[in-house]
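The structure that follows is given in the form of structure tokens.
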Amino acid sequence: MKPYLSVVIPAYNEEYNLRTGVLDSVYSYLSRQNYTWEILFVDDGSSDLTASIAKEFGEKHNGFSVLKEPHRGKGGTVIAGMLKARGEIIVFADTDQATPIDQLEKILPKFKKGYDVVIGSRHGREGAPIVRKIMAYGFSLLRLIVLRLPFKDTQCGFKAFSSEAAKEIFKRLEIFGSKNTSKGASVTAGFDLEILFIARKLGYKIAEVPVDWHHKEGTKVDPIKDSIEGLKGLIAVRVNALQGKYKVR
């Protein structure tokens, strides 16, 4: 039977977070809901024990499956999970649960109001270093100027899509598609920009919802490297748009 909700969790070398019990918290929350669901844990070719820990968890918990992928970076990993998911609503969430799974309570009602895509927005960014807050502000100005994306926060790793929207958006990614690669634990900012740019191009109704978010120690964000990569991604999306690669056919 097709589940109502699919939760896609991309992971690369997340052994530390898995040992803190994040999967238990996600599973426990979903088990208390009155809708059907599935969890797709997508391993991005981790070099630590991430895949084996997740596999062991899946053997003991129904509705939890592990998808092992070659290392491609967050983009290819998320896409693999989104296209494999069977739910009417499909959400991807970070392994560390910086945005807790219970924030679904703010996200899901929007679909009943006719929205196709609902993105979390980390207002305030509790506990985040000042440099990350400055980065976020500067990047928000750039994406508004260059891509006309009117959102306060495009980078929150908590985004949900109707099944139809997910299939249409993720198969159209040009820069951060499933065949492209990314070294290390990159969380390339351009990935989220391309998703939202395509979603708007396709005419999907998008809602931005404030969600709880807590800074996690050991985050894979590198302020300098990720700022540069984000700028490259932003420019690449604009160039693709000018070349007509996102035209709706």
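Could you please find all residues in the range 26-48 being in contact (Cβ under 8 Å) with a residue 60 or more places away in the chain and hydroxyl-bearing (S, T, Y)?
Y29
Follow-up question, since we're still on this one. Quick one: in the range 49-62, of everything that is without any contact (Cβ under 8 Å) to a residue 40 or more places away in the chain and within 20 Å of A93 (Cβ to Cβ), which residue is surrounded by the most Cβ atoms within 10 Å (Cβ to Cβ)?
T50
State which residue is farthest from L142 (Cα to Cα) when the search covers only the range 203-249 and only residues that are assigned to a loop (DSSP other than H, G, I, E, B), of a type in the set (K, R) and at pLDDT below 85. I'd like the intermediate steps shown before the answer.
Let us first name the residues in the range 203-249 that are assigned to a loop (DSSP other than H, G, I, E, B), namely 203-205, 211-222, 243-249.
From the residues that got through so far, the ones that are of a type in the set (K, R) too are 205, 216, 220, 245, 247, 249.
Next, from what is left, pick out any that are at pLDDT below 85: 216, 220, 247, 249.
On the way: K216: 26, K220: 22, K247: 23, R249: 28 Å.
Restricting to residues being assigned to a loop (DSSP other than H, G, I, E, B), of a type in the set (K, R) and at pLDDT below 85, the top hit is R249.
Let me ask another. Checking the conditions here, which among L18, L83, L23 is in contact (Cβ under 8 Å) with a residue 40 or more places away in the chain, within 19 Å of A165 (Cα to Cα) and out of contact with any strand residue (DSSP E or B) (no Cβ under 6 Å at 6 or more places or on another chain)?
The conditions single out L83.
I would also like to ask the following. So, in the range 177-202, of the ones that are of a type in the set (A, V, I, L, M) and crowded, with 19+ Cβ neighbours inside 10 Å, which residue ends up modelled with the lowest pLDDT? Walk me through how you get there before you give the answer.
As a first pass, look at the range 177-202 and keep what is of a type in the set (A, V, I, L, M): 185, 187, 189, 193, 195-196, 198-199, 202.
Subset that is crowded, with 19+ Cβ neighbours inside 10 Å: 187, 189, 193, 195-196, 198-199.
Details: V187: 54, A189: 69, L193: 91, I195: 95, L196: 95, I198: 95, A199: 96.
Per the stated criteria, the residue is V187.
If we keep just the residues of the range 65-87 that are assigned to a helix (DSSP H, G or I) and touching a helix residue (DSSP H, G or I) at 6+ places or on another chain (Cβ under 7 Å), which is surrounded by the fewest Cβ atoms within 10 Å (Cβ to Cβ)? Step through it out loud before you land on a result.
First, pick out the residues of the range 65-87 that are assigned to a helix (DSSP H, G or I): 74-84.
Now restrict to residues that are touching a helix residue (DSSP H, G or I) at 6+ places or on another chain (Cβ under 7 Å): 74-75, 79, 82-83.
Values: K74: 24, G75: 29, I79: 28, M82: 26, L83: 14.
Within the range 65-87, the match that is surrounded by the fewest Cβ atoms within 10 Å (Cβ to Cβ) is L83.
Mind telling me which of the residues E164, E174 ends up being of a type in the set (D, E) and at pLDDT below 90? Break it down into steps so the answer makes sense when it comes.
On the way: E164 fails: at pLDDT below 90.
Checking each option against the conditions leaves just E174.
The values are calculated or read from the model by the stated rules, or taken from the named source; none is laboratory data. Keep in mind that this is a model prediction, so the values were computed, not measured. Heads up, the Cβs are rebuilt from the backbone with ideal geometry, glycines too, and the neighbour counts pull from every protein chain shown.
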